[in-house]
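Visitor: I have a structure here, written as structure tokens, and I will follow up with some questions on it.
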Amino acid sequence: MNAYLEKVLNETELKNINESEYLQAVKEVLSTIEPVVDAHQEEYEKIALLERMVEPERIVTFRVPWIDDNGQVQVNRGYRVQFSSLIGPYKGGLRFHPSVNQSIMKFLGFEQIFKNALTGLPIGGAKGGSDFDPKGKSDVEIMHFCQSFMTELYRHIGQDVDVPAGDIGVGAREIGYMFGQYKRIRNAYEGGVLTGKDISYGGSLARKEATGYGLIYFMREMLAAHNKSLEGKTVIISGSGNVAIYACEKVTEMGAKVVAMSDSNGCIYDKNGIDLDLIKQIKEVERGRIKDYLNTYIDAKYIEKTGVDSPIWEIKADIALPCATQNEVTLNSAKVLVENGVLAVGEGANMPCTIEATNYFLEHGVLVAPAKAANAGGVATSAIEMSQNSMRFYYTFEEVEAKLERIMVNIFKSCAAAAAKYRCSGNYVAGANIAAFQKLAKAMRAQGIV
Ligand code: NDP
Ligand code: 2IT
């Protein structure tokens, strides 16, 4: 590796010794931008460009006390990692999940900078959330938690400062409770302070669908560049949340058949094709478990997750779409997928493949649609929501979807062009990192030492 890259990587490892996910994300980027850094090494080193890029501008952590339905006081930890305001207000989702820690927040914030740069829209990078576990909580408990969370977070955000949205465990319900509290504290209707709002009070049509739809648009473009298509393909999708559901909807519309979906407990396999209306009913309405699918389709199979590897990756398919969480595709799983003849992997989740898994896919000729590019449709549509809020005007569903489609096509083109220019044609993982990095490096040089 280039000496400057190696130095930065070593220093980052020493400074963040216990943050494995964050180090993984940094390593993944630094190991792919070598040709660009080689060409500018002296200049970048002098202005500590990479050192500044890997250091968050600001990290806020705070106490979130709330009272549960039994009158017991609970305490969680809240986070907001404001990683970069280089190309726009800090922008990125909030995750409520018991696994949330500083390492996960920083990896997500770091990747968000690159993803947001790829959208071509004016948004910086951030991530936040809490180790709060929404599972099994009553609606009132969720509201109390969200209100307490926002009572601290509000002082760090604003429609021109930092604009959170949803992520794992945070959907329209949570955004609604947080928006209500923000508005009450600020005594102002700043519509653009949060995105992913319900359409009844300033949300954008097609934001809910955007990440999953965007992923499929990216997959379509990537396959087309290799003379392949989605038509008639068998697909497996991990997760059954926001991203997974709308990826399933769009890929089915494009003629593929989804035979498996999952949640953190296990996966279902339905050889006739998943009934997405039932999944929506179970997950969006009842907030139930994927296993409940078998209450209606008794012939479908349920495979419980027992070890580290998710059983869904053992199901034979042409296309695998990991849409649940980080590191859900291990090297082991990658080997099984390749053995079963997978053609392409599309990352709907953030960093769902380990570095070893990604490299294994690339070495075996599997097309990989990297998260930073392939799932950028969600945040891109968030930016479209912000612009509608500023204009005090709405686009129709079709208008937003057409913009989303154009953005995803352009993202694919940027990744493909960067990969071709730096002699790694077809490696969209490197292409995405290089295209985003070049944009960010240019903006950093322009803005001086900040
Ligand atoms: P949701 O909360 O709607 O759904 C998450 C899904 O993933 C659920 O099925 C959940 O199962 C499963 N899951 C979560 N954590 C784990 C885990 N540790 N192990 C196994 N399964 C897990 O979240 P989203 O659909 O919004 O997010 C999914 C992924 O997509 C995340 O990586 C997120 O960062 C990424 N993403 C989301 C965007 C968005 O707009 N929402 C935009 C871009 C990326 P269970 O119910 O059992 O927990
Ligand atoms: O990871 C992501 O890009 C998101 N969770 C969406 C962020 C956003 O601001 O819409």
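Visitor: Using the basic label-point model (7 angstrom from Cα toward the beta carbon), what is the Asp68 to His226 distance in nanometres?
Guide: 4.7
Visitor: For Tyr189 and Leu278, what is the calculated FRET efficiency with R₀ set at 41 Å and r taken between the beta-carbons, to the nearest 0.05? It would help to have the intermediate numbers written out before the result.
Guide: On the way: r = 38 Å, r/R0 = 0.93.
Efficiency for this residue pair is about 0.60.
Visitor: Once the other residues with Cβ under 11 Å from the Cβ of Glu286 are scored (Lys, Arg +1; Asp, Glu -1), what is the net sum? Could you put the intermediate results ahead of the total?
Guide: On the way: positive: Lys280, Lys283, Arg287, Arg289; negative: Glu284, Asp292.
Within the 11 Å Cβ shell, the charges total +2.
Visitor: On to the next question. Could you list the chymotrypsin sites (Phe, Trp or Tyr not before Pro) in region 384-450 that lie in coil according to DSSP, counting only those with at most 11 other Cβ atoms within 10 Å of their Cβ?
Guide: Numbers: sites: Phe393, Tyr394, Tyr395, Phe397, Phe412, Tyr422, Tyr428, Phe437; in loops: Phe393, Tyr394, Tyr395, Tyr422.
For chymotrypsin sites (Phe, Trp or Tyr not before Pro) across region 384-450 that sit outside H, G, I, E and B with at most 11 neighbouring Cβ atoms in 10 Å, the list reads Phe393.
Visitor: Stokes-Einstein D for region 135-261 at 4 °C, 1.567 mPa s, Kirkwood Rh over Cα pairs, in µm²/s?
Guide: Details: Rh = 16.5 Å.
The calculation lands on 78 µm²/s.
Visitor: While we're looking at this one, here's another question. Which listed residue (Val329, Thr119, Val193) has the Cα farthest towards the positive end of the charge dipole for the chain, taking +1 on Lys and Arg C-beta and -1 on Asp and Glu C-beta about the Cα centre?
Guide: Val193
Visitor: Now, a different point. For His364, tell me the accessible area in Å² from a 1.4 Å probe, rounded to the nearest 10.
Guide: Looks like 90 Å² after rounding.
Visitor: At 222 nm, what value in deg cm²/dmol follows for the chain if DSSP H runs of at least 4 each add -39500 (n - 2.57) and the sum is divided by all its residues, to the nearest 500? Can you show the working numbers first?
Guide: Values: 17 runs with 211 residues, N = 450.
Using -39500 (n - 2.57) per qualifying helix, the result is -14500 deg cm²/dmol.
Visitor: Next question, about the same structure. Keeping every protein chain present and rolling a 1.4 Å probe, give me the accessible area per residue for the chain in Å².
Guide: Result: 41 Å² of accessible area for each residue.
Visitor: If you don't mind, another one. In region 209-364, if the dipole is taken from +1 on Lys/Arg beta carbons and -1 on Asp/Glu beta carbons about the Cα centre, which of Asn242, Ile268, Ala349 is farthest to the positive end?
Guide: Looking along the dipole axis, the top candidate is Ile268.
Visitor: So how exposed is Ser85, as accessible area in Å² (1.4 Å probe, rounded to 10)?
Guide: In the full protein context, Ser85 sits at about 50 Å².
Visitor: List the extent of the Cα atoms of region 329-413 along each of their three principal axes, largest first, rounded to whole Å.
Guide: 51, 18, 18
Visitor: What spacing in nm lies between the two simple spin-label points modelled at Val75 and Lys15, each 7 Å away from Cα in the Cβ direction?
Guide: It works out to 3.0 nm between the two label points.
Visitor: Shifting gears a bit: Which trypsin sites (Lys or Arg not before Pro) does region 295-350 hold that lie in a coil by DSSP with at most 10 other beta carbons within 10 Å? Please list the in-between numbers first.
Guide: Numbers: sites: Lys301, Lys305, Lys316, Lys335; in loops: Lys305, Lys316.
Passing both the DSSP loop test and the Cβ count: no residue.
Visitor: Restricting things to alpha carbons, tell me how big region 97-193 is in terms of Rg and Dmax, in Å.
Guide: Over region 97-193's Cα set, Rg and Dmax evaluate to 13.8, 40 Å.
Visitor: How big is the shadow of the Cα convex hull of the chain, averaged over all directions, in nm²?
Guide: The Cα convex hull of the chain, projected and averaged over all directions, gives 20.7 nm².
Visitor: Moving on to the next point. Could you calculate the FRET efficiency of Asp133 with Leu294 from 1/(1 + (r/R0)^6), where r is the beta carbon distance between them and R0 is 25 Å, rounded to 0.05?
Guide: 0.50
Visitor: Rounded to the nearest 0.05, what FRET efficiency do Glu399 and Arg52 have when you use their Cβ-Cβ distance and R0 = 35 Å?
Guide: 0.40
Visitor: Still on this structure, please answer the following. Using a cut-off of 9 Å between beta-carbons, work out the net charge of the residues near Gly125 (Lys and Arg +1, Asp and Glu -1, Gly125 not included). Let's see the in-between values first.
Guide: Numbers: positive: Lys91, Lys115, Lys127; negative: Glu111.
Here the count lands on +2.
Visitor: Which of the GluC sites (Glu not before Pro) found in region 171-261 are in a DSSP loop and have at most 15 neighbouring Cβ atoms, other than their own, within 10 Å?
Guide: Sparse-neighbourhood loop GluC sites (Glu not before Pro): Glu231.
Visitor: What does the charge dipole of the chain about its Cα centre add up to, to the nearest 20 debye, if the Cβ of each Lys and Arg holds +1 and the Cβ of each Asp and Glu holds -1? Display every interim value, and only then the final one.
Guide: Numbers: 49 positive and 55 negative charges, 171 e Å.
Here the size comes out at about 820 debye.
Visitor: Given labels modelled 7 Å from the Cα in the Cβ direction, how far is it in nm from Asn359 to Arg392?
Guide: Distance between the two pseudo-spin positions: 5.6 nm.
Visitor: Now for a separate question. Measuring from centroid to centroid over Cα atoms, what is the spacing of region 170-242 and region 386-405 in Å?
Guide: 13
The values are calculated or read from the model by the stated rules, or taken from the named source; none is laboratory data. Computed from a predicted model, the values in this text were never measured in an experiment. We place every Cβ from the backbone using ideal geometry, glycine too, and count neighbours over all the protein chains shown. Each accessible area value is taken on the protein alone, full model and side chains, heavy atoms only, with ligands, DNA and RNA left out. Shrake-Rupley method; radii C 1.70, N 1.55, O 1.52, S 1.80 Å.
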